[in-house]
Amino acid sequence: MNNNYGIVKTFNEYDFINEFKACNRMDNFSYEGLRVMFNALNELAQDCEMVIEMDVIALCCDYIELSIDDVINDYDVDLSDESFDDKTDLVIDYLHDSTMVLGNYDINGIDYVLFQSF
């Protein structure tokens, strides 16, 4: 059986977020994180001219949303590099060295980053 064929649905941002609701996975990402994920994956699919399968469980396993401070603590990020103006830029650079970063954003004054688990 060829897995390149099948029924495909194109999702908009609303549909994408509703898939996480339907699978009871809203505790994995914030609304802002899901918006960032949708836009980043949609852009990746268009840039690479490929189809990305909508698999909520796989996305929850493949990506993680953490505050910048949690990344620093969980991954022991060295803050001594003075070439960065702030810790957010330093953390983003650190993550880019190891994985794909989908985006960073602010939620109620706290900086978050969404990245591929590694």
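The values are calculated or read from the model by the stated rules, or taken from the named source; none is laboratory data. Predicted model only: the values in this text are computed from it and were never measured. So basically every Cβ, Gly included, is an ideal-geometry build from the backbone, and we count neighbours across all protein chains shown. In case anyone asks, the SASA skips ligands and DNA or RNA and just uses the protein heavy atoms, side chains included. Shrake-Rupley method; radii C 1.70, N 1.55, O 1.52, S 1.80 Å.
For region 1-48, what are the residues that are touching a residue at least 40 places away in the same chain (Cβ under 8 Å), in a loop (DSSP other than H, G, I, E, B) and surrounded by 12 or more Cβ atoms within 10 Å (Cβ to Cβ)? Within region 1-48, Phe11, Phe29, Ser30 qualify. Pairing each residue of region 50-65 that is assigned to a loop (DSSP other than H, G, I, E, B) with any residue that is at pLDDT below 95, provided the two are 6+ apart or on different chains, yields C-beta distances under 7 Å for Val51/Val8; Val51/Ala45; Ile52/Ala45; Met54/Phe11.
Among the residues in region 49-63, are any modelled with pLDDT of 95 or more, among the β-branched types (Val, Ile, Thr) and in contact with an Asp or Glu (Cβ under 8 Å, 6 or more places away or on another chain)? Checking region 49-63: at least one residue is modelled with pLDDT of 95 or more, among the β-branched types (Val, Ile, Thr) and in contact with an Asp or Glu (Cβ under 8 Å, 6 or more places away or on another chain). Candidates Ser98, Ser83: the one that is open to solvent by less than 80 Å² (accessible area, probe 1.4 Å) and either at negative phi or touching a strand residue (DSSP E or B) at 6+ places or on another chain (Cβ under 7 Å) (or both) is Ser98.
Of everything in region 52-80 that's farther than 21 Å from Asp15 by Cβ and of a type in the set (A, V, I, L, M, F, W, C), which residue is most open to solvent (accessible area, probe 1.4 Å)?
Let us first name the residues in region 52-80 that are farther than 21 Å from Asp15 by Cβ, namely 64, 66-80.
Applying the additional criterion that residues be of a type in the set (A, V, I, L, M, F, W, C) yields 64, 66, 68, 71-72, 77, 79.
Details: Ile64: 50, Leu66: 24, Ile68: 4, Val71: 0, Ile72: 19, Val77: 15, Leu79: 93 Å².
The selected residue is Leu79.
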